[in-house]
Amino acid sequence: MAAGPRGPRPIPTHLKLLRGNPGRQKLNENEPQPEIPPNIPAPPAFLNGYALEEWHRVERELYALKLLTNVDINPLAAYCVAYQRWRDAEEMLHDMAKRDGVTRALLIKGTKGVAVRNPLVAVARQAALDMVRYASEFGLTPAARSRIAAGPFGETPVSKFDGLLA
């Protein structure tokens, strides 16, 4: 089995700039830069329900940070679908838990009458993991945001020590 690339995943240049390039790494001047559309891209037609609501909840922020281009539509849609799957599973678990005062729907009766873990628990867990993984790609988690210094694109953030040695 071939080993994958070693070391940390590469960070897109735009995100390095938003983060202030803390490691002062050389920026990739040849990195492809997707064109920023003049308007917020429309969500894919297959999004509906909670997924579509989530798209509309985050679209403006991502577009303002130049993190929503035409090539970012499908990764954002994947995040929104994971969000919908997580929310649907959690709502179903909640409804089942109201009728099950003993295990709160964490366990159900299996085919042989033995208690087994409710498959919805695994669905909710995997959807939550997927959702958080996709969300971090767009800076939608607190940890991801802590590494972003949002400002005008390409502008170097001002340090608190700037001007001391003038």
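Each value in this text was obtained by applying a stated rule to the coordinates, not by laboratory testing. Just so it is clear, the model here is predicted, and its values are computed rather than measured. When we count neighbours, we look across all protein chains shown, and the Cβ atoms used for this are built from the backbone with ideal geometry, even at glycine.
Multiplying the residue separation of Met92 and Arg6 by 0.36 nm and removing their Cα-Cα distance gives an extension gain of 26.9 nm.
Each part reduced to its alpha carbon centroid, region 50-71 and region 99-149 end up 23 Å apart. Other residues whose C-beta falls under 10 angstrom from the C-beta of Ile40 contribute a net charge of 0, scoring Lys and Arg +1 and Asp and Glu -1. Extending 7 Å from Cα along the Cβ direction at Arg57 and again at Leu129 yields two label points whose distance is 2.2 nm. The charge dipole of region 31-70, taken about its Cα centre with unit charges on the Cβ atoms of Lys, Arg (+1), Asp and Glu (-1) only, comes to about 80 debye.
Using 0.36 nm per residue and subtracting the Cα-Cα separation, the extra length available between Ser136 and Leu65 on full extension is 24.1 nm. Each of Val121 and Glu35 was given a label point 7 Å from its Cα along the Cα-to-Cβ line. The distance between the two points is 5.1 nm.
Restricting region 42-127 to trypsin sites (Lys or Arg not before Pro) that sit in a DSSP loop and have at most 14 other Cβ atoms within 10 Å of their own Cβ leaves Arg104, Lys112.
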